[in-house]
């Protein structure tokens with residue numbers, strides 16, 4: 001018998017061991033029974049006859065065998081070990097038979113058959129070589145289960161019952177794919193010895209007041225509210241004081257009201273059709289808006305800040321944005337382990353399975369420069385998309401299977417069992433706090449109404465919605481349960497409902513006083529103190545960005561050296577650094593060194609810089625080399641830029657995963673957290689932003705207009721037609737220009753022309769009293785072009801960014817004699833100057849570079865056009881006519897000159913693809929555009 005059983009026998013003073021021996025009592029009892037006398041065994045025997053469970057299992061076995069006629073000395077047998085596969089397979093596959101669908105009509109795993117290896121009835125025992133007669137046999141429990149509590153052996157019948165209770169009821173657990181014994185044991189302990197807890201809240205008031213309004217209500221998954229509150233409460237208890245959340249439409253208004261505690265009147269006034277918009281921007285629909293709120297957590301009595309990030313209709317697009325913002329908040333408060341700041345992401349089942357951005361975001365979860373040290377994912381599993389059956393929406397058993405790629409445990413739970421939901425959410429929050437890894441809670445529920453409140457779901461899911469019409473709401477079901485148990489009575493329940501209704505009615509009355517929608521109430525990332533200085537609005541000026549000679553020289557010297565001792569760099573890199581050093585001596589910079597100067601100066605001023613993207617540490621074109629690698633010591637690196645100044649801001653440069661959509665979203669979120677940082681994302685080639693277009697279209701371009709959310713994200717997009725084919729040439733500048741919000745037909749009449757323009761536009765530069773996204777079309781071949789250099793003189797104090805670079809050669813000396821002005825931007829300038837020199841036309845043709853395309857420099861180009869009164873005006877570009885800049889520039893140039901003369905085009909003809917893949921064709925096209933640009937008779941016969 002087990003030690004404690006033998007000890008109990010000794011204390012009970014049974015008969016002497018010799019007297020017991022004839023009954024073949026357990027041998028382990030011998031040292032404790034010797035020398036005692038009692039009729040205890042006989043009493044035990046009679047007690048056993050009445051109730052076999054009244055004695056210890058070892059004596060139960062003994063009496064059974066003795067009654068069956070076992071010979072003396074053979075009646076007691078040690079329990080056989082339980083087949084490991086029996087318990088393990090239940091842990092692995094129990095979720096397949098769990099009762100997860102509150103409607104009772106669907107299978108959460110899309111499979112109506114029961115796995116042959118799951119024992120839920122006696123007919124499955126044969127799978128393990130057992131039969132019904134074995135059900136009362138006692139088996140030793142393996143170390144990989146906690147169903148026995150303090151007991152090491154149990155009858156098979158009880159083992160099966162306890163496994164079913166743990167893994168096959170309203171909770172289904174997926175975790176056995178995790179290859180970490182400690183983590184698996186932790187989960188087993190949580191679910192094999194559960195202690196459920198309670199409460200429930202809901203907001204159905206909106207449905208009664210605005211039944212015909214789109215609001216994407218939570219009916220059918222009301223339990224989401226206590227679920228989120230539980231996660232937040234438990235996380236607060238574990239030390240978290242800032243939670244950043246992202247979610248789609250469904251339940252958003254409910255979460256804003258009941259979790260984040262947004263003022264109800266601010267929510268209700270959104271439904272007023274007469275509500276006027278303030279002048280801050282276009283605004284957005286009510287179920288897209290975000291929120292930031294700091295309040296007391298009433299469970300822990302600790303302050304907690306909650307931020308719900310605004311999200312467009314692209315359901316999972318906010319996932320990486322939330323992660324980036326979370327990473328930034330952790331970075332700025334020194335939370336290197338994610339103990340103070342965390343993220344919660346909510347998902348719909350169809351989107352979680354269908355949107356690739358979910359996979360991209362998961363794969364950022366454990367990368368050193370992107371991890372947020374664990375996210376709690378909550379899936380509102382409607383078991384339907386808009387109108388699409390899950391069997392048509394995914395190929396995997398569950399919508400949550402994508403989370404298995406990072407070994408995240410997945411807890412499926414029947415959303416009509418609030419106690420199970422709250423228990424699971426407590427475990428999820430504890431998992432995140434303990435292991436700092438992602439975890440998924442799958443709330444298997446239903447959608448009581450259609451996709452939105454005006455939709456008719458019976459068109460496509462008639463059987464499901466017939467059942468839903470019969471389904472009692474979970475609040476009613478749970479209230480009836482509590483009333484039947486005597487936990488509450490009917491009047492108490494009705495009083496709570498009335499109390500909440502009264503709060504809503506009073507807020508509804510107050511909401512009618514709101515005449516204007518002030519979008520500032522819906523900021524998800526406020527920047528307190530940034531827009532004012534000493535209590536006054538910042539002046540609309542753009543300071544000089546120049547540096548003194550000493551700083552330029554110092555940054556250049558660090559950029560061309562290795563500031564760490566005993567560090568061996570590659571021989572080829574030694575030559576690159578030597579070339580940099582020579583440039584510094586000659587007071588010149590190329591693109592890579594100029595970037596170093598810009599970054600270094602900001603770091604000195606305390607501006608944190610983060611540069612992210614594919615291969616940015618070295619640079620796609622082997623030009624940057626911001627991270628040096630020791631050639632003799634594996635993984636030993638050096639970042640010279642972090643050795644510039646004694647008290648400088650940190651510089652983060654990190655190679656990203658092979659992702660554009662996810663990583664750009666992450667960096668956008670990072671840039672949201674603080675205006676006093678420079679956050680840059682570089683595409684490996686400019687057109688790689690194609691797969692991140694959703695972030696650009698939904699967040700970067702209209703973000704300020706929709707959500708009054710300024711952002712200083714910088715996109716570095718390598719661009720240039722160099723015969724490298726259609727996928728490595730164009731950063732598609734026409735797309736960005738098309739989305740610029742300046743009017744091509746209006747010449748601005750503003751004071752502080754350039755800064756005011758920047759303030760009114762939707763994307764632009766840094767070091768201003770506001771923040772705008774900046775799109776830079778960066779060079780490729782120009783990185784090493786001998787003429788693409790600048791002098792220190794162009795970067796000294798008093799210098800500014802040049803929106804337009806005028807011609808400074810012979811043509812500018814005699815402007816009245818100039819016959820043609822070529823306006824251009826980018827790399828084609830060097831092709832044009834080379835061709836002009838070859839044709840000896842420096843005095844006939846002026847070339848003006850437009851460095852800032854948008855906002856369009858009307859004032860400076862007007863000056864240029866007036867400078868050359870007799871000249872034809874030509875826009876020249878290397879891109880095809882239906883691409884590039886022409887469609888954007890032409891109407892603005894004509895507005896600039898008041899349509900006094902035509903604006904001609906010189907460039908490639910329209911095409912479907914952005915570039916040819918044939919080198920000879922590329923060169924032929926280039927020569928054709930140069931011939932057009934310098935043929936002074938080319939446009940004479942055109943009207």
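Values as computed for the structure displayed
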item: Over 34 Å [Cα-Cα, the stretch 205-522], rounded percent; result: 22
item: Label-to-label distance, nm, for residues given as residue 388 and residue 134 (7 Å Cα→Cβ offset); result: 4.5
item: Along principal axes, Cα extents of the stretch 862-905, largest first, whole Å; result: 29, 16, 15
item: Length added when fully stretched, residue 151-residue 482, from 0.36 nm per residue minus Cα-Cα; result: 115.9 nm
item: Residues 824, 221 arranged by fewest to most Cβ contacts within 10 Å; result: 824, 221
item: Order of 171, 609 under a 10 Å beta carbon neighbour criterion, fewest first; result: 609, 171
item: Potential extension, residue 746-residue 837 segment - 0.36 nm per residue separation minus Cα distance; result: 29.1 nm
item: Under 16 Å from the residue 333 label point (7 Å along Cα→beta-carbon), backbone N, the stretch 671-698; result: 673-674
item: Gain upon complete extension [residue 165, residue 550; 0.36 nm per residue less C-alpha separation]; result: 131.2 nm
item: Relative contact order (percent, whole number), the stretch 620-706, Cα cutoff 8 Å, 6+ residue spacing; result: 21
item: Highest-first arrangement of 794-801, 360-367, where packing means the average Cβ count within 10 Å; result: 360-367, 794-801
item: Projected-area mean, the stretch 425-510, by convex hull of Cα positions, square nanometres; result: 10.0
item: Pairwise centroid distance, computed over Cα atoms, of the stretch 92-106 with the stretch 842-869, Å; result: 70
item: The stretch 802-934: relative contact order as a whole-number percent, Cα under 8 Å and 6+ apart; result: 26
item: Gap separating the Cα centres of the stretch 662-732 and the stretch 126-191, nearest whole Å; result: 51
item: As computed over the stretch 607-781, the Cα convex hull volume per residue (Å³); result: 152
item: Estimated FRET transfer efficiency when R0 is 30 angstrom, pair residue 369-residue 801 (beta carbons, to 0.05); result: 0.50
item: Projected-area average for the stretch 802-934 over all orientations - Cα convex hull basis, square nanometres; result: 7.7
item: Percent of alpha-carbon pairs separated by more than 18 Å within the stretch 349-489; result: 64
item: Nearest-0.05 FRET efficiency for residue 913 and residue 185, computed from C-beta distance (R0 56 Å); result: 0.50
item: Normalised contact order of the stretch 84-192, rounded percent, pairs of Cα under 8 Å and 6 or more residues apart; result: 37
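Any read-out appearing in this document is the output of simple, stated calculations on the displayed coordinates, not a laboratory observation. As the structure is a computational prediction, the values presented were derived from the model and not from experiment. Cβ coordinates were reconstructed from backbone atoms using ideal geometry, including for glycine residues, and neighbour counts include every protein chain displayed.
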